[in-house]
Amino acid sequence: MNSHQIREAFLEFFRARDHEIVASSALIPQDDPTLLFTNAGMNQFKDLLLGQERRAYTRAADAQKCMRVSGKHNDLEAVGRDGRHHTFFEMLGNWSFGDYGKEEAIRWAWTFLTEVMELDQEKLLVSVYRDDDESYRIWNETIGLAESRIYRLGNLEEGDEENFWSMGDTGPCGPCTEIHYDQGPEVAGGDERPLGENESDRFLEIWNLVFIHYDRDEDGKLSPLPLQSVDTGMGLERLVALKAGVTSNYDTDLFAPLLEWVRRESGADAEDPEQRVSMQVIADHVRALAFAVADGGRPGNDGRGYVLRRILRRAARHGRNLGFREAFLYRAADVVIEQMGEHYSELRDARDHIQRVLRTEEERFNETLDRGLHRFSEFAEQARARSDRRITGEQAFQLHDTFGFPLDLTCVMAEEGGLAVDQEGFDRCMEEQRSRARAAGSFATADRGGEWIWADGEEPGADRAPVDFVGYDQLEASAQLIGVRPVDSDEFEVVLDPSPFYAESGGQVGDRGWIASDDFRLEVLDTQKGHGGPVCRVRVADGSFGGESSVGTRVEARVDAEIRNAILRNHTATHLLHSALRHQLGDHAQQAGSLVGPDKLRFDFHHDGALGREGLAALEAEVNAHVLANHPVTKHVDLPLDRAREMGAIAMFGEKYGDRVRVIEVAGVSTEFCGGTHCDFTGQIGMLRITGEAAVGAGIRRVEAVTGEAAVALAQAEHALLRDLSEKLSTRPEELPSRIDQLQTEVKELRAEVLELHRSQAGDLVTQLLDQATDLGGLRLVAARIEVADRQSMMDMGDQLRAQLGSGAAVLGTEVDGKVAFLAVVTDDLIERGLRAGDLVKAVAKVAGGSGGGRPHLAQAGAKDPSKIDEAVAVAESFVRDRLKGQV
């Protein structure tokens, strides 16, 4: 059986046992900001396992795309050096959400391995948690496994969590039983130690069955969960290797086509141990890159982007080891797409995008790598000059962080040059970087003012229910001011309940407006999210306000309708813009950020390369076609998360969604998770005008646009400009392009005439300067201040003087556009005698407070003081005499 057949056999086995076959979730988590990558089959079922979500099924199975790049067994630098650890892998799994329990899970696992996969029963052995008597009994009595092949491991009381799974220090947890395959003592180099003590590859873990039965509190006490579940996981790569009778996953059909492609394209020797490692690194990493990019990831400077960049750079470096000098990973990715695209169709759908992203990133890295090798050479020279002959930890870290050099590469290169590396210093730098990353990744609330004063001492979201936000349906509300705190002398933060003010979120800015009572009137300057609801920053516009006396006051709240309406037009327009980008560029053009304000919208998206004039015009036209169609904008409120996903709603990374969500749908055009405010019909947008497009980072483009009144104002301004130009150029607006072309042709012809006149005058001036040249014992020296139109005219004169001097030198000084410029030329015979134009012009310019240089026969300089030009050129004669002393 090949890998495809094994994957399908697993899914079919559990389909026959009433399991819902669920598609793999994306490798890039769409609704869990705590994860860089999907790293286990249970990720998409986490809320189900926690009892926080319900679905139409209680049994499920899938083949999940996973990626792990950290942890005890997943050090990136170790991947490719053994036969069973990878960055990307597939996890086969089956789940029960309060349905079946230990006996069914164990019995089905054994049946699949021994009857479907036909693995040798005599080589299978299992481990259970030390106190899990039920699992032990099932293995021994129901399955019939001898006691000698069942191992009790782990001891929570002593801190040993072997065969005990937990989601964290507290929360859901439970015992697990693992199925292992004995590959024989020869794999372990003769190591005869038993399972649990033998850390070699002899006992290969195949399948882990986790029984999530308990809830652990802060004291470590285990209490039974009301919903007891089963979560299992089995690595496809390991199972395929066992079925093929090999001990290395790289010897299976999952990797063979890639390895053969690398060997053929590079000419590598697969029998050479080091070259084999490089081949395996490339094969592993290109699979990870292809799947990650297909699911929306891309190399970058932080987070998952930084991880993907490290993976790509490591693969590219190993490509260098095999002789690849040009970008090649994008071509290798095509092998992955062809091999895996049948089961994972997203690979084929994103083929062009995957290849474009990988090629661009690798080409950039090749340039960086060359610079890094140069930087290493500089560090090596410095190390040789020191007594310890060591490259410092800071230097090694710079090579790692800036140029992608892993420490082992730096150490190998240093050793080849008879040098050492301060590895402890490197580790300190790495730990400092990790500390900075941890700090950057944690949230903190700034102390922006005084203490909060709450009505009845009850904070919303903590001591009382959260604030009731009513701003989706109304812009005015009678409310109670339930919280206040001072920010500065005339500004406060206040909380109303209910509140019509939308708090900044999802790129949409916060509402502005007014809050009024009989005693005061407050201007709302901004609205931000608080723990229990919207928090308004206000300024006292009239009356007496502040302190505890204002808390509990009944007020009238009013959102600025003009600003809100402008915002909602722009927000609905961003959804149409997102849809148009994906339609015209491909599904890779996913949102990377946005700003929705009243005056404009800004939309960042993933794409390489500018859209160009035609692309922007097509984008604008598509959006405006939807505006003119006046599609209804449906706000699906309190929608079950499953239903939203079935609708195809697009989720934004970084946003955490609960069981019930809000979805904005423009039928047939756009469906997105969104908590913002929107039009009722697309026609309310009026029109959209794109005002700019630019790059804001590697692979990230930004479009800015205006809608509604701002778009009308822009159109009117452009029309007025056209009318003004037409009047000035005495032509009709539609004839402006041809009229401008005509004028440009005339200007070009006039400039040519002026240039010819200048050249003619320059020729006359050259003749005059040569007639006035100073004779220095057989050589001629021209040193003069001249008046020219531009620097090029002076350069032309210098060329003419050098050609006509015979034997000599010339120094010219001038002022062009308020700047001082000098030029020196020297004939070849004087260069041989030691006079160089660069030295001459430096000496002259120094007098006028400047500097310069150039080639021996021609050099330029700039200076600051125009009043010193005459004095400066006069220095030329003494400099030439001194430099040619005894020769003139």
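The values are calculated or read from the model by the stated rules, or taken from the named source; none is laboratory data. Small disclaimer: the values here were computed from a predicted structure and weren't measured. Neighbour counts run over all protein chains shown; Cβ positions are idealised from the backbone, glycine included. The protein model used for the area step is the full one, side chains on, heavy atoms only, and it has no ligands, DNA or RNA in it. Shrake-Rupley method; radii C 1.70, N 1.55, O 1.52, S 1.80 Å.
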Filter LYS529/LYS635; LYS46/LYS243; LYS65/LYS635 down to the pairs with a C-alpha to C-alpha distance above 25 Å, please. LYS46/LYS243; LYS65/LYS635
Tell me the mean residue ellipticity at 222 nm calculated for the chain from its helices only (DSSP H runs of n ≥ 4, each -39500 (n - 2.57), averaged over every residue, nearest 500). -12500 deg cm²/dmol
Give the carbon-plus-sulfur fraction of the accessible surface of the chain in %, rounded to a whole number; probe 1.4 Å, heavy atoms of protein chains only. 45 percent
For the chain, take the longest principal axis of its alpha carbons; what is the angle in degrees between that and the long axis of helix 612-629, to the nearest 10 within 0 to 90? 50 degrees
Roll a 1.4 Å probe over the protein heavy atoms and report the accessible area of ASP169 in Å², nearest 10. 140 Å²
Please report the relative contact order for the stretch 22-172, taking Cα pairs under 8 Å with a sequence separation of at least 6, and give it as a percent rounded to a whole number. 16 percent
Non-local amide H neighbours of ARG512 (under 5 Å, H modeled in plane, Pro and chain starts lacking H): which ones? ASP560
Do any GluC sites (Glu not before Pro) in the stretch 161-190 lie in a loop, going by DSSP, with at most 15 other beta-carbon atoms within 10 Å of their beta carbon, and if so which? GLU161, GLU186
If I ignore ligands, DNA and RNA and count only protein heavy atoms, how much of THR774 is accessible to a 1.4 Å probe, in Å² to the nearest 10? 50 Å²
So, counting K/R as plus one and D/E as minus one, what does the shell of residues with Cβ under 11 Å around ARG785 add up to? -3
Determine the relative contact order of the chain: mean sequence separation of Cα pairs under 8 Å and six or more apart, normalised by residue count, in whole percent. 6 percent
Using heavy-atom solvent-accessible surface (probe 1.4 Å) with all chains present, what is the largest-first order of LEU222, LEU729? LEU222, LEU729
Averaged per residue, the 1.4 Å probe accessible area of the stretch 647-723, protein heavy atoms only, in Å², is roughly 44 Å²
Largest-first ranking of SER345, SER248 by accessible area, probe 1.4 Å, whole protein assembly kept, is SER345, SER248
Just to check I understand the Karplus step: with θ = phi - 60° and J = 6.51 cos²θ - 1.76 cosθ + 1.60, what whole-Hz values come out for the stretch 770-780, glycine and proline as x? 5, 5, 9, 5, 8, 8, 10, x, x, 10, 10
Sequence of HIS285, HIS758 from largest to smallest accessible area, 1.4 Å probe: HIS758, HIS285
Could you run the Karplus curve 6.51 cos²θ - 1.76 cosθ + 1.60 with θ = phi - 60° over the stretch 749-758 and give me ³J(HN,Hα) per residue in whole Hz, x for Gly and Pro? 5, 5, 5, 5, 5, 5, 4, 4, 5, 4
Sorted by chain and number, the residues with a modelled amide H under 5 Å from that of PHE164, at a separation of 5 or more or across chains, are CYS176
In whole Hz, what ³J(HN,Hα) sequence does the stretch 530-535 give by Karplus (6.51, -1.76, 1.60; θ = phi - 60°), x for Gly and Pro? x, 4, x, x, x, 10
Ratio of the stretch 269-351's C-alpha Rg to 2.2 N^0.38 Å, to two decimals? 1.12
Starting from the amide H of TYR57, placed 1.01 Å from N in the peptide plane, find each other amide H under 5 Å away whose residue is 5 or more places distant or on another chain. none
Does the stretch 683-759 classify as rounded, prolate or oblate by the C-alpha gyration tensor (a ≥ b ≥ c root eigenvalues; a/c under 1.5 gives rounded; else a/b over b/c gives prolate, otherwise oblate)? oblate
Give a quick list of GluC sites (Glu not before Pro) in the stretch 787-836 that DSSP marks as loop, anything other than H, G, I, E or B, with at most 15 other Cβ atoms within 10 Å. GLU787
The relative contact order of the stretch 784-835, taking Cα pairs under 8 Å that sit 6 or more residues apart, comes to a percentage of 36 percent
Counting only the heavy atoms of the protein chains, how much of ARG325 is accessible to a 1.4 Å probe, in Å² to the nearest 10? 140 Å²
Reachable lysines from LYS846, Cα under 28 Å, same-chain residues fewer than 8 places away excluded? LYS819, LYS864, LYS868, LYS885
